[in-house]
Amino acid sequence: MKRIALVNQRYGLEVNGGSEYYTRLLAEKLALDYEVEVLTTKAVSYDTWQNSYSCDEEMIHGVLVRRFPVEKTRNVLKQKASGKLMSKFGLRGKALNRAWVDAQGPYVPQLLKYIDENAGNYDVFVFITYLYYTTVWGMPKVSGKSVFIPTAHDEFCIYFDCYRELFHMPKAIIYLTEEERDFVRDLFHNGQVPHTVAGVGIDVPKDVKDGRFREKYKVDRPFLIYTGRVDENKGCEEMFRFFMNYRKENPEMDLVVMGQAFMDIPKAEGIHYLGFVPEEDKFDGIKAAKALWLPSQFESLSISVLEAMALGKPVIVNGQCEVLKGHCVKSGGGVFYMGYGGFLDGMGRLYGKDYEKLCRNAKEYIQEYFTWEKILDKVGAMIEIP
């Protein structure tokens, strides 16, 4: 049985983040066929990288997790300064690139040392997310036995020179969507690297009850739901602004927001901020919602969108994100918008005669493309490349 290490910047039941949640799902599924370990940090929050876990090792749902301490908290000033210098004087320059990555973090040299000293004890290393220190400096140590899941999208830092070599380095790349693959190949011209497109399998609990959610949280009116990190970088400031404008003319509609907050939540009529909630409540809430709203411009997959569709709920998403727009176009189970006028048009569709069709199309899309059986076949093929 092959021994596989998955490397991600954060990992745990308490961790709120798309690539981190994806990593946990993938690790637990791969553990059925491989000896799987996770190499990660002791941090829970990405904004500071402060060490929150005390133990060096723990078992989570049958997967061994090895944790390494972050030795420097996130240096936002240094990160911004080095980023501005790279933008102004050119993206090349190893010293500037290293300074930016180290400041971005999480700065975990002990994790890199572990990879160095134990490379021969693993058959494959799977690095998830291109952005962070753990991948930028970890993958070069074991490039010949690395599988890369970049979760890439069009953001300013992907153009920094420190990332260019990464996309030519591994033995295989797993993209989450066709849109991500096309973007990366156009940018890095790395078509020679073996690759596949394999998203994520979507499992939803059998016991999902919308009434249970409404009773627990006292939400009586129709509502849209947002789940995930509450952050300006996720488009949440615009989401709140659009909602408050919309509600002036549509006071019967509420907005439910779940997830850890990294910004101030407006104290406005109709906004229900629930914080970080149990998985049962998340699925119950999605089932009770009119639709799931994702305002982010930068997504490489979006598990929350796929979970909503699996429950037969349509989505309303920011059309500036090609991946989210692609889910809507390919499925016929969601609507996308550009600006506030487009959002109003999208809400009109959700309240129109095609709503039930949107619900059916959403569920069929997941059943066709996002089952674990199909996903694991593709992932396994990349792992097995010599």
Surrounded by fewer than 17 Cβ atoms within 10 Å (Cβ to Cβ) and not β-branched (Val, Ile, Thr): is that true of LYS267 in this structure?
yes
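Test GLN110 against the criterion of being outside any loop (DSSP other than H, G, I, E, B), under 28 Å from GLY144 (Cβ atoms) and either modelled with pLDDT under 85 or not basic (Lys, Arg) (or both), and give yes or no. Reasoning before the result, please.
On the way: outside any loop (DSSP other than H, G, I, E, B): yes; under 28 Å from GLY144 (Cβ atoms): yes; either modelled with pLDDT under 85 or not basic (Lys, Arg) (or both): yes.
For GLN110, the condition - outside any loop (DSSP other than H, G, I, E, B), under 28 Å from GLY144 (Cβ atoms) and either modelled with pLDDT under 85 or not basic (Lys, Arg) (or both) - is met.
Residue-by-condition table, conditions (1) outside any helix (DSSP H, G or I); (2) at pLDDT 95 or above; (3) of a type in the set (A, V, I, L, M, F, W, C):
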residue: TYR130; (1), (2), (3): yes, yes, no
residue: THR135; (1), (2), (3): no, yes, no
residue: PRO140; (1), (2), (3): no, yes, no
residue: PHE148; (1), (2), (3): yes, yes, yes
residue: CYS157; (1), (2), (3): no, no, yes
residue: ILE173; (1), (2), (3): yes, yes, yes
residue: ARG181; (1), (2), (3): no, yes, no
How many residues does the range 353-385 hold that are modelled with pLDDT under 95 and outside any helix (DSSP H, G or I)?
4
Residue hits (the range 330-341; surrounded by fewer than 15 Cβ atoms within 10 Å (Cβ to Cβ) and touching a residue at least 12 places away in the same chain (Cβ under 8 Å)) are MET338, TYR340
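If you check GLY199, GLY228, GLY235, which single one turns out to be closer than 27 Å to TYR159 by Cβ, modelled with pLDDT under 95 and touching a strand residue (DSSP E or B) at 6+ places or on another chain (Cβ under 8 Å)?
Working: GLY199 fails: touching a strand residue (DSSP E or B) at 6+ places or on another chain (Cβ under 8 Å); GLY235 fails: modelled with pLDDT under 95.
Exactly one residue qualifies, and that residue is GLY228.
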Identify the single condition in (1) surrounded by fewer than 22 Cβ atoms within 10 Å (Cβ to Cβ); (2) touching a Phe, Trp or Tyr at 6+ places or on another chain (Cβ under 8 Å) that TYR355 does not satisfy, given that it satisfies every other one.
(2)
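Being of a type in the set (A, V, I, L, M) and touching a Phe, Trp or Tyr at 6+ places or on another chain (Cβ under 9 Å) narrows it down to one of ALA362, ALA310, so name that one. Before the answer, list the steps.
Details: ALA362 fails: touching a Phe, Trp or Tyr at 6+ places or on another chain (Cβ under 9 Å).
One residue alone meets the criteria, ALA310.
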Considering only residues of the range 269-279 that are modelled with pLDDT of 95 or more and aliphatic (A, V, I, L, M), which is farthest from GLU237 (Cα to Cα)?
LEU274
Which ones in the range 1-19 are buried (at least 20 other Cβ atoms within 10 Å of the Cβ) and part of a strand (DSSP E or B)?
ILE4, ALA5, LEU6, VAL7
PHE336 closer than 26 Å to MET244 by Cβ and not in a loop (DSSP other than H, G, I, E, B)
yes
Among the residues of the range 275-297, is there at least one that is buried (at least 20 other Cβ atoms within 10 Å of the Cβ) and without any contact (Cβ under 8 Å) to a residue 40 or more places away in the chain?
no
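The values are calculated or read from the model by the stated rules, or taken from the named source; none is laboratory data. All of these numbers come straight from a predicted model, not from anything done at the bench. Cβ sites come from the backbone with ideal geometry, for glycine too, and all protein chains shown count toward neighbours.
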